[in-house]
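Structure first, then comments.
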Amino acid sequence: MDKEAAKHAVVIVGAGPTGMMLAAELALAGVEAVVLERRPSAEIESSRARAGGLHARTIEVLDQRGVAERFLEEGETMQVGAFAGVTLDLGDFPTRHPYGLALAQQYTERILGAWASEIGVEPRYGSEMTGLTQDDDGVDIHPADGNTLRAGYVVGCDGGRSLVRKLAGIDFPGWGASVSSIIAEVEMQGEPEFGFRNDALGVNAMRPLEGGRVGLVVRDENLDRESDLTLEDLRAAIVAVWGSDFGLVSADMISRFTDATRQAANYRNGRVLLAGDAAHTHYPAGGQGLNLGVQDAVNLGWKLAQVVTGAAPADLLDTYHAERHPAAARVLKYTMALTALQRGDDRTRALTEIVGDLLDIAEARDRLAGLASGLDVHYDLGEGHPLLGRRIPDLDLVTADGPLRVYALLHSARAVLLNLGESGEFDIAPWADRVQAVDATYDGAWELPVLGNVPAPTAVLIRPDGYVAWVGEGSDAGLADAFATWFGPAAAT
């Protein structure tokens, strides 16, 4: 067996949106990652190709990297969140993107892949990982071709059935399936009944596709099905719901998914980490999966880059689990509740009506909208100003060089000390290789989603992922500690 002589800093297993976003974040930080993908090309399977969509915080994250317009140009902005039949309208939320984006995953992956390629990311398609072993100094990755790779760290972005997670010995507790659905693209000789039909087990739907084909989702009463689905299985499921197969002739694709909801007990075991569906799986109701994965990648990327370059100690990686595990757990519970309310029996309809009435209260509706959109994420960084641990608003700043948006400062994925007081007030020299200092003024209100207006700070330390790591309120108290916590020890002078 041949072993590559060079030791790679990072190997990412999986070139879906999570893996590609992570590779791009590392590339922006000057770290080259090897991305292994078992698919023979960037083409994705039909069941994933038509799914997808971006929530507001994910659009903001892409805006932080200067590429949001690429996605917005190809999708359709709309209010994508709903709960108990009530639209979770973001129209009055304080964000430049008070909406979601309807955009099929095949387009999201293509746009993301093109950007990643521009900054040096080139996945190795047709490369399937079959094993890995780690020791104190690194990880050996065993691809199917027999050529072992040696890496400092491995990140499993390889989906809900993650082999990386299994080989790393990370538990995947949660809840088993209570609902099973079949998704298919079919040809029918009759007249399909387009639209939604709820029953006691959940949602069924048909919609027209190009070329006269029909896309459908239909419940599967066999929760324990292990064999591959056949055309006759699909026919029986359609007849059970609609009373007719509408002249079903053939199916280009038949797949199955359930509402099994699980989350990795830990997102890190030594030098192996998990992100995206490898770390958390759930029913696709609400379209949260891709968004959670992209935000995992943006949280992890800059931290992993600092560790592999030696700027920060390895325990910085523990903050990835500490921050992203609770964030995903909230979304998983939200998705479970959303799925339960989709059942069409009388008791669930009664519950849905009551919950819907409660969502007439603006504060209740905004709290759910903040959760569903990702705009309310709050990392626990301790007591302090309401901004601490929350996304920085994309303010219109005035600088000596002219007007500037906050998110434009994050395009290079580098931390920012934004000084809104007297120019040159803070000395960042010991961390100048990791943090950029910007003097600016801003005279407007500081408003956060769900919380509303908060006191204006005199300075903020913004992490590369757009979250506030320190807030100045008239002094530099605590700033040096924040620098050291997030960006490693001061450079020798």
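Collect the residues in segment 197-232 that are among the charged types (D, E, K, R) and within 19 Å of Gly286 (Cβ to Cβ), keeping them in residue-number order.
In the first step, residues of segment 197-232 are kept if they are among the charged types (D, E, K, R); the result is 197, 199, 207, 210, 213, 219-221, 224-226, 228, 232.
Those that are among the charged types (D, E, K, R) and within 19 Å of Gly286 (Cβ to Cβ): Arg207, Arg219.
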If I filter segment 150-158 for residues that are in contact (Cβ under 8 Å) with a residue 60 or more places away in the chain and under 17 Å from Gly287 (Cα atoms), do I get at least one hit?
no
Of the numbered conditions (1) open to solvent by less than 30 Å² (accessible area, probe 1.4 Å); (2) in contact (Cβ under 8 Å) with a residue 60 or more places away in the chain, Val249 satisfies every one except a single condition; which is it?
(1)
Name the residue, out of Leu292, Leu371, Leu304, Leu317, that is touching a helix residue (DSSP H, G or I) at 6+ places or on another chain (Cβ under 7 Å), open to solvent by 20 Å² or more (accessible area, probe 1.4 Å) and touching a residue at least 24 places away in the same chain (Cβ under 8 Å).
Leu371
Of the numbered conditions (1) touching a residue at least 12 places away in the same chain (Cβ under 8 Å); (2) part of a helix (DSSP H, G or I); (3) out of contact with any helix residue (DSSP H, G or I) (no Cβ under 9 Å at 6 or more places or on another chain), Ala350 fails exactly one; give the number of that condition.
(1)
Only residues that are surrounded by 15 or more Cβ atoms within 10 Å (Cβ to Cβ), part of a loop (DSSP other than H, G, I, E, B) and out of contact with any helix residue (DSSP H, G or I) (no Cβ under 7 Å at 6 or more places or on another chain): list them for segment 159-176, please.
Ala168, Ile170
Name the residues in segment 444-453 that are touching a residue at least 12 places away in the same chain (Cβ under 8 Å), open to solvent by 20 Å² or more (accessible area, probe 1.4 Å) and either touching a Phe, Trp or Tyr at 6+ places or on another chain (Cβ under 9 Å) or of a type in the set (D, E, K, R) (or both), would you?
Glu447, Val450
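Can you tell me how many residues in segment 196-227 are assigned to a loop (DSSP other than H, G, I, E, B) and free of Cβ contacts under 8 Å to residues at least 12 places away in the same chain? So that I can check it myself, show each step before the final result.
Here is the first cut: in segment 196-227, the residues assigned to a loop (DSSP other than H, G, I, E, B) are 200-201, 209, 213, 220-227.
Checking the rest, the ones that are also free of Cβ contacts under 8 Å to residues at least 12 places away in the same chain come to 224, 226-227.
Summing the residues that are assigned to a loop (DSSP other than H, G, I, E, B) and free of Cβ contacts under 8 Å to residues at least 12 places away in the same chain in segment 196-227 gives 3.
Out of Ser244, Ser250, Ser255, report the one residue that is more than 21 Å from the chain's Cα centre (by Cα), at pLDDT 90 or above and either in a strand (DSSP E or B) or among the aromatic types (Phe, Trp, Tyr) (or both).
Values: Ser244 fails: either in a strand (DSSP E or B) or among the aromatic types (Phe, Trp, Tyr) (or both); Ser255 fails: at pLDDT 90 or above.
Selected residue: Ser250, the only one of Ser244, Ser250, Ser255 that is more than 21 Å from the chain's Cα centre (by Cα), at pLDDT 90 or above and either in a strand (DSSP E or B) or among the aromatic types (Phe, Trp, Tyr) (or both).
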Consider only pairs whose beta carbons are under 6 Å apart and that are at least six residues apart or on different chains; among these, list those whose first residue lies in segment 231-243 and is small (Gly, Ala, Ser) and whose second residue is modelled with pLDDT under 95.
Ala237/Ile182; Ala237/Val218; Ala237/Asp220
Taking segment 469-488, which residues are aromatic (Phe, Trp, Tyr) and either outside any helix (DSSP H, G or I) or more than 11 Å from Trp431 (Cβ to Cβ) (or both)?
Trp470
Could you check how many residues of segment 144-158 are open to solvent by less than 20 Å² (accessible area, probe 1.4 Å) and not in a strand (DSSP E or B)?
1
Among residues of segment 409-437 being more than 29 Å from the chain's Cα centre (by Cα) and outside any loop (DSSP other than H, G, I, E, B), the residue surrounded by the fewest Cβ atoms within 10 Å (Cβ to Cβ) is Ala429
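Which residues, counting only those in segment 265-317, are assigned to a loop (DSSP other than H, G, I, E, B) and hydroxyl-bearing (Ser, Thr, Tyr)?
So in segment 265-317, the residues assigned to a loop (DSSP other than H, G, I, E, B) come out as 265-267, 270-271, 275, 279, 282-288, 309-313.
If the condition is that a residue be assigned to a loop (DSSP other than H, G, I, E, B) and hydroxyl-bearing (Ser, Thr, Tyr), then Tyr267, Tyr283, Thr309 are the ones that fit.
Could you pull out the residue among Gly301, Gly289 that is over 14 Å from Phe172 (Cβ atoms), under 14 Å from the mean Cα position of the chain (by Cα) and modelled with pLDDT under 95? Break it down into steps so the answer makes sense when it comes.
Details: Gly301 fails: modelled with pLDDT under 95.
So the residue among Gly301, Gly289 that is over 14 Å from Phe172 (Cβ atoms), under 14 Å from the mean Cα position of the chain (by Cα) and modelled with pLDDT under 95 is Gly289.
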Restricting the search to segment 300-358, which residues are among the aromatic types (Phe, Trp, Tyr) and touching a Leu at 6+ places or on another chain (Cβ under 7 Å)?
Tyr320, Tyr334
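Taking segment 179-201 on its own, how many of its residues are out of contact with any helix residue (DSSP H, G or I) (no Cβ under 7 Å at 6 or more places or on another chain) and over 30 Å from Val13 (Cα atoms)? Break it down into steps so the answer makes sense when it comes.
Filtering segment 179-201 down to residues out of contact with any helix residue (DSSP H, G or I) (no Cβ under 7 Å at 6 or more places or on another chain) leaves 180-181, 186-192, 194-196, 198, 200-201.
So of that shortlist, the ones also over 30 Å from Val13 (Cα atoms) come out as 186-192, 194-196, 198, 200-201.
Number of matching residues: 13.
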Within the bounds of segment 333-346, is there any residue that is touching a residue at least 24 places away in the same chain (Cβ under 8 Å), of a type in the set (Lys, Arg) and either surrounded by fewer than 19 Cβ atoms within 10 Å (Cβ to Cβ) or closer than 30 Å to Ala432 by Cα (or both)?
no
Take Leu410 and decide whether it is farther than 24 Å from Ile119 by Cβ, of a type in the set (A, V, I, L, M) and out of contact with any Asp or Glu (no Cβ under 7 Å at 6 or more places or on another chain).
no
Given (1) modelled with pLDDT of 95 or more; (2) touching a Lys or Arg at 6+ places or on another chain (Cβ under 7 Å), Pro94 misses just (2)
Report those strands (runs of 3 or more DSSP E) wholly inside segment 48-142 carrying at least 1 residues which are over 30 Å from Asn269 (Cα atoms), hydroxyl-bearing (Ser, Thr, Tyr) and open to solvent by 60 Å² or more (accessible area, probe 1.4 Å).
76-78
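Looking at segment 252-279, which of its residues are open to solvent by 30 Å² or more (accessible area, probe 1.4 Å) and within 19 Å of Thr319 (Cβ to Cβ)?
Restricting attention to segment 252-279, the residues satisfying the condition of being open to solvent by 30 Å² or more (accessible area, probe 1.4 Å) are 252, 254-258, 262, 265-266, 268-271, 277.
Those that are open to solvent by 30 Å² or more (accessible area, probe 1.4 Å) and within 19 Å of Thr319 (Cβ to Cβ): Ala265, Asn266, Arg268, Asn269, Gly270, Arg271.
The values are calculated or read from the model by the stated rules, or taken from the named source; none is laboratory data. Since this is a predicted model, take the numbers as computed values, not measurements. With ideal geometry, Cβ positions are generated from the backbone for all residues, glycine too; neighbour counts draw on all protein chains shown. Heavy atoms of the whole protein, side chains included, go into the accessibility calculation; ligands, DNA and RNA do not. Shrake-Rupley method; radii C 1.70, N 1.55, O 1.52, S 1.80 Å.
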